[in-house]
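Presented below is the structure to which this report refers.
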Amino acid sequence: MLDIFKFKKDTIKEKIQLDMERIPAHIAIIMDGNGRWAKQRKLPRTMGHRAGMKNIKMMVEESSNLGVKYLTLYAFSTENWKRTKEEVGALMDLVVEFINKEFEELHRNNVKLNSIGDISKLPEKSKAAVEDAMYKTRNNTGLTLNIALNYGGRDEIVKGVKEIAKEVLEGKLQIDNIDDKIISDHLYTSGMPDPDIIIRPSGELRLSNYLLWQSAYSEFWFSNINWPDFTKEDLRRAISDFQKRDRRFGGV
Ligand code: FPP
């Protein structure tokens, strides 16, 4: 498996042609449909998550080859704690497994691993694995892989508002100086461009508390395919459709 994870630009010979001058800088994906993928195969839900985890490597490879700068994946939301203890535990273990299996290759390919969300609430071994990978790849200059873990858009905005309020109380910031940029700078994605496109497979047509502030002008792309079945070609199809959209950002 590992040897297919080569970041060679000259291996891009897929059917769907893309305008390489207009590749989205930031792609965000809601990795949905793992449970249904497993159910269709009479497997436990956790096997669906494992299949979903295995799909990440290919998406990172393709995104990196195409020159995408940021890939943000929704792995665990602030609401996902409501799932059974077994499923939550399996997801947390998969985070560790993913890092153990893929770290070397990601690092070798200049990928910067980052997390968005409140990872302080994660089990110690998951938190430690994420922090270690973030630290070791902090100077990498290739694709930034943001893994959303215990992430919620509302939670993120609350966190940002509290920080801003504190700065105002301490006299470091004037209320009149609070603007879009100040708010963006207090989110987990501070310093990153907003997602150009948000992809949600599995047929659900909602945002589910994902990147609420950052998605103001994102293009949305939905498909019925469950995440474990989502292929490179699907990603290219999403980018191709994105390239046909007329983004006006409120202008004419
Ligand atoms: C949503 O599908 C998926 C999740 C809540 C978890 C996504 C996690 C992974 C793909 C693997 C772990 C991630 C890393 C970074 C190693 P669902 O379970 O809600 O699917 P369903 O709607 O079909 O039940």
For the chain, alpha-carbon Rg and Dmax in angstrom = 18.4, 59
Spin-label zone in segment 215-252 - amide nitrogen under 16 Å from a point set 7 Å from the Cα of residue 36 along the C-beta vector = 221-231
Among 32, 194, 93, which one moves the most in a GNM of the chain with springs linking Cα atoms closer than 10 Å?
-> 93
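Considering Cα pairs under 8 angstrom that are at least six residues apart, work out the relative contact order of segment 130-252 and quote it in whole percent. All intermediate terms of the calculation are to be shown ahead of the outcome.
Numbers: 85 pairs, mean separation 27.0, N = 123.
After rounding, I find 22 percent.
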Using only the C-alpha atoms of segment 14-82, find the volume of their convex hull and express it per residue in Å³.
-> 108 Å³
Counting all C-alpha pairs of segment 94-156, share separated by more than 16 Å (%) | 41 percent
What is the spin-label model distance, in nm, from residue 159 to residue 54 if the labels are put 7 Å beyond Cα along the C-beta direction?
-> 3.2 nm
Rounded if a/c is under 1.5, else prolate if a/b beats b/c, else oblate: with a ≥ b ≥ c from the C-alpha gyration tensor eigenvalues square-rooted, which is segment 109-252?
-> oblate
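In deg cm²/dmol and to the nearest 500, what is the mean residue ellipticity at 222 nm of the chain if only DSSP H runs of at least 4 residues count, each as -39500 (n - 2.57), divided by the residue total?
Details: 7 runs with 102 residues, N = 252.
When only DSSP H runs of four or more count, the value is -13000 deg cm²/dmol.
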In this structure, among 101/127; 136/159; 125/159; 57/127, pairs with alpha-carbon gaps over 22 Å are 136/159; 125/159
If you take the square roots of the eigenvalues of the alpha-carbon gyration tensor of segment 70-175 and sort them as a ≥ b ≥ c, do you get rounded (a/c under 1.5), prolate (a/b over b/c) or oblate?
-> oblate
Using a Gaussian network model of the chain whose springs link C-alpha atoms within less than 10 Å, name the residue from 41, 237, 200 with the highest mean-square fluctuation.
-> 41
Under a Cβ-Cβ cut-off of 13 Å, what is the net charge of the residues other than residue 183 that fall near it, where Lys and Arg count +1 and Asp and Glu count -1?
-> -4
Within a Gaussian network of the chain (alpha carbon springs, distance under 10 Å), most fluctuating of 51, 216, 238 = 216
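A short reminder: the numbers here are calculations on the coordinates, not readings from a lab. All of these numbers come straight from a predicted model, not from anything done at the bench. Cβ coordinates were reconstructed from backbone atoms using ideal geometry, including for glycine residues, and neighbour counts include every protein chain displayed.
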